[in-house]
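Structure first, then comments.
Nothing in this text is a laboratory measurement; each read-out follows from the coordinates by a stated rule. None of the values given here were measured: they were computed from a predicted structure. Cβ coordinates were reconstructed from backbone atoms using ideal geometry, including for glycine residues, and neighbour counts include every protein chain displayed.
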Amino acid sequence: MSEVTELISALNDGTMTLEQVAQRFRERSWPRSRRPWKTSYLELAAAAEQDPEPYVPGSFDDVAAAYDLGKITDDEYAVLAEAVAEAKRAQDEGGG
C-alpha cells in the first residue's frame, strides 16, 4: 500500500478530512511521467500505438484508480487532482 492509497483510505474511514488529505498531497513529491509530452499529431498518433506507461504506485495513478473504483467522489477527485497539480507546480518552481 502506498502513502497515497493510505491517505485515501484515511479519507474513506473518516480518520482524515478531505482538506487534510489534500494538504498532504500538496506537501509531498509526486513522480513525473517518464515519457516526454507529445507536440504534434504525428507524435500523438505514434504514442497511441504504444503500450501505456506502467502503473506507478504512489503516483497520481493511485488517485485515478481510487476514482475509477468509486472510492472517491467526483468532488473529492477534483480537490485531490488540484492538490497534486499545486504540488507539481511548486516542484517546477523549485519549491519542492
Response to the item:
Proxy exposure order for Phe60, Phe25 (fewest C-beta within 10 Å first) is Phe60, Phe25
Worksheet, complete the sentence: Computed over the chain, the Cα gyration tensor eigenvalues, each multiplied by 5 and square-rooted, give semi-axes in Å (largest first) of 27, 17, 11
Fill in: HN-Hα J in Hz across segment 23-28 - Karplus 6.51, -1.76, 1.60, θ = phi - 60°, x for Gly and Pro
5, 5, 4, 5, 8, 8
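Order by neighbour count: Met16, Met1, fewest other Cβ atoms within 10 Å first, most last. Write down the numbers at each step before the final one.
Working: Met16 18, Met1 10.
Taking fewest neighbouring Cβ atoms as first place, the list is Met1, Met16.
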Worksheet entry | 3J(HN,Hα) from dihedral phi, segment 68-78, Karplus parametrisation 6.51/-1.76/1.60, rounded to Hz, x for glycine, proline | 4, 8, x, 7, 10, 7, 4, 5, 4, 4, 4
Fill in: Mean residue ellipticity (222 nm) of the chain, computed from DSSP H runs ≥ 4 via -39,500 (n - 2.57), nearest 500
-18000 deg cm²/dmol
Discussion item. Given Cβ point charges of +1 (Lys, Arg) and -1 (Asp, Glu) and nothing else, what value in debye, to the nearest 20, does the dipole of the chain about its Cα centre take?
Written reply: 320
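So for segment 43-96, what percent of the C-alpha to C-alpha distances run longer than 14 Å? Kindly include the intermediate steps, with their values, before the conclusion.
Values: 951 of 1431 pairs.
Value for segment 43-96 (Cα pairs over 14 Å): 66 percent.
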Discussion item. Please list, ordered by chain and number, the residues whose modelled amide H lies under 5 Å from the amide H of Val56; skip anything fewer than 5 residues away on the same chain.
Written reply: Asp61
